Amino acid sequence: MTPFMRPRIITRRTLRTAFASVFFGTLCWATQSAAAQSCHAPSLRPTESSAYRASLAASFASFGSGDQHGEYQGLFATFNFAQRWLAAELSVPAYRLSRTGQHVYGMGDVALDARAHLYRSSDDALIAGPELAAMLPTGSADDGLGMGHVMLMPGAFAQFQHNGLALIAQLAYGRALASKNAHHHEGPMPLVNPMNRSEITHAFGVSAALSTNLRVMGRWLGAVHAFDHTGSARELVAPGLQFIAGAFDLTFEFQIAVLGAPFTTRSVMSVGAQW
C-alpha cells in the first residue's frame, strides 16, 4: 500500500481518550435510519518505503431503501505494491446478495488504483501526487453486483505522518464510461457498492499507534453527484482497530452510514500480510 514510515509511539493516555470519544460517540449514531456506500480506500497500516501487501477481507451488510430490503456478504482479495515513487492496487470482490425472494452469488466489479508520489518532503513525512482509479464491469448489473460499465476516477491524494500519527486524504472525480442507454441511469448503483454516473468522491483516513502492536483507525468516506440530476450524495464514517504481529495484521472496521443509500450498517474484518 502507500508507504508510511515506521511510527514512533505517541502518548497512550491521549490516544485512548480521543479514541473512546470518537468510537463510542460514533456507535451511538448507528441506531439512526441511514444508509451509504462503501468506497475503496487504501490500507492505513504503516509500511517501509517499498513493500508488497496481500489481504483478504470479509464484509457483512444490511440494506433497506424503498422496496429494496435485504443483506449481503462480500469477500475481497486485494494485492498491493508500493515503492518510493509509485503505488498500485488490485481488488477482486465476490458477493452473496439476499433480497426479497432472491439470492444471488457472483463477482463484483474489479477495482484498480495507481498513485504517483510526485511530491515527497525531505523527511518523507509528507507525500502527495495524482491518483487514478478504475472499476471494471466484471459484476452483473442485472443482479445488483456491478455497474455494467467502466468507471474511471482520476484524482489526487496527500498523506502525512509524524510522531505515530498517520493521515491520508483523497479527492477524485468519478465518471461512467457508458452511453445513456447503459444500465447506469437510475441513480447510484449497484446495491453492493453504489456510485453515481458522475460524481466527486472524497476520503479521509487516520491511524494512530496505541502500542507497538495495536493501532486505532478511522475513515470518513463519501461523494456528491456532479452533472447528474438523478444522483444523490452519500457519506459514511468507519471507526476500527488494527492488530499487528510482525508481517501480519488483523483489522476490524465498523462502517456507519450517515447519508445516502443503500446499506444501513456494515462491518468489515480483514487479514493482511506485507513484506
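The criterion of being modelled with pLDDT of 95 or more and under 26 Å from S98 (Cβ atoms) does not hold for F263.
Number of residues in region 241-267 that are in contact with a Ser or Thr (Cβ under 6 Å, 6 or more places away or on another chain) and over 22 Å from Q68 (Cα atoms): the value is 3. Residues of region 117-131 that are surrounded by fewer than 15 Cβ atoms within 10 Å (Cβ to Cβ) and outside any loop (DSSP other than H, G, I, E, B): Y119, P130. Examine region 164-179 for a residue that is closer than 22 Å to M217 by Cα, modelled with pLDDT under 95 and surrounded by fewer than 16 Cβ atoms within 10 Å (Cβ to Cβ), and state whether such a residue exists. Looking for residues that are closer than 22 Å to M217 by Cα, modelled with pLDDT under 95 and surrounded by fewer than 16 Cβ atoms within 10 Å (Cβ to Cβ), one finds at least one in region 164-179, hence yes. Out of contact with any Ser or Thr (no Cβ under 6 Å at 6 or more places or on another chain), within 26 Å of L177 (Cα to Cα) and either free of Cβ contacts under 8 Å to residues at least 60 places away in the same chain or among the aliphatic types (A, V, I, L, M) (or both): does that describe P93? No, not satisfied. Scanning region 65-114 for residues that are more than 19 Å from the chain's Cα centre (by Cα) and among the β-branched types (V, I, T), we see that the one that is surrounded by the most Cβ atoms within 10 Å (Cβ to Cβ) is V104. Scanning region 221-240 for residues that are buried (at least 17 other Cβ atoms within 10 Å of the Cβ) and either of a type in the set (S, T, Y) or modelled with pLDDT of 95 or more (or both) returns P239, G240.
What residue, among those in region 196-254 that are in a strand (DSSP E or B) and of a type in the set (K, R), is farthest from the chain's Cα centre (by Cα)? So, considering only residues that are in a strand (DSSP E or B) and of a type in the set (K, R), the one farthest from the chain's Cα centre (by Cα) is R215.
The values are calculated or read from the model by the stated rules, or taken from the named source; none is laboratory data. Worth saying up front: this structure is predicted, and the values here are computed from it rather than measured. Cβ atoms come from the backbone with ideal geometry, glycine included; neighbour counts cover every protein chain shown.
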